[in-house]
1. Which residue pairs have Cβ atoms closer than 9 Å, lie 6 or more positions apart in sequence or on different chains, and pair a first residue in region 32-57 that is closer than 20 Å to L5 by Cβ and without any contact (Cβ under 8 Å) to a residue 40 or more places away in the chain with a second residue that is in a helix (DSSP H, G or I) and hydroxyl-bearing (S, T, Y)?
2. Are any residues in region 47-56 of a type outside the set (D, E, K, R) and exposed (fewer than 12 other Cβ atoms within 10 Å of the Cβ), and if so, which ones?
3. Restricting region 22-36 to residues that are over 18 Å from L50 (Cα atoms) and open to solvent by 60 Å² or more (accessible area, probe 1.4 Å), which is nearest to the chain's Cα centre (by Cα)?
4. Taking region 1-21 on its own, how many of its residues are surrounded by fewer than 14 Cβ atoms within 10 Å (Cβ to Cβ) and over 11 Å from the mean Cα position of the chain (by Cα)?
5. Filter region 62-76 for residues that are small (G, A, S) and either touching a helix residue (DSSP H, G or I) at 6+ places or on another chain (Cβ under 7 Å) or open to solvent by 50 Å² or more (accessible area, probe 1.4 Å) (or both) and give the result.
6. Could you give every pair whose Cβ atoms fall below 6 Å, whose first residue belongs to region 61-78 and is more than 17 Å from L5 (Cβ to Cβ), and whose second residue is surrounded by fewer than 16 Cβ atoms within 10 Å (Cβ to Cβ), counting only separations of at least 6 or pairs across chains?
Amino acid sequence: MINPLWLRTFCTLVECGHFTKTAEQLFMTQSGVSQQIKKLEQQMGCDLLLREGKSFSLTPAGKQLFQQGQEILRALAELSQSVQADPE
């Protein structure tokens, strides 16, 4: 099972396009972001990013994870909201 925290960090990184900006947005350190991405890659068993100096691009697996990961994160947020809204 994919760790939702690592998935959120990955999707935020792709949206921001920069490790430092991602760290600022998620109130983390830059090394914390890097560690979570590495752990996610280990969990998935493949590279998600092609690191090119200080920039990166997505591998085909990274593109797929980003697209489907966004849907998963939206579904988790909707589930949380619906459970919290249920008065019973």
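The values are calculated or read from the model by the stated rules, or taken from the named source; none is laboratory data. From a predicted model like this one, the values you see are computed outputs, not experimental measurements. Cβ: placed from backbone, ideal geometry, glycine included. Neighbour counts: every protein chain shown. For accessibility, only protein heavy atoms count, side chains too; no ligands or nucleic acids. Shrake-Rupley method; radii C 1.70, N 1.55, O 1.52, S 1.80 Å.
1. Pairs that qualify, where the first residue is closer than 20 Å to L5 by Cβ and without any contact (Cβ under 8 Å) to a residue 40 or more places away in the chain and the partner is in a helix (DSSP H, G or I) and hydroxyl-bearing (S, T, Y), are G32/T9; V33/T9; V33/T12; V33/T20; V33/T22; Q36/T9; I37/T9; L40/T9.
2. L50, G53, S55 - these are the residues of region 47-56 that are of a type outside the set (D, E, K, R) and exposed (fewer than 12 other Cβ atoms within 10 Å of the Cβ).
3. Q25
4. Count: 3.
5. Answer for region 62-76, where residues must be small (G, A, S) and either touching a helix residue (DSSP H, G or I) at 6+ places or on another chain (Cβ under 7 Å) or open to solvent by 50 Å² or more (accessible area, probe 1.4 Å) (or both): G69, A75.
6. If the second residue must be surrounded by fewer than 16 Cβ atoms within 10 Å (Cβ to Cβ), the pairs left are A61/C46.
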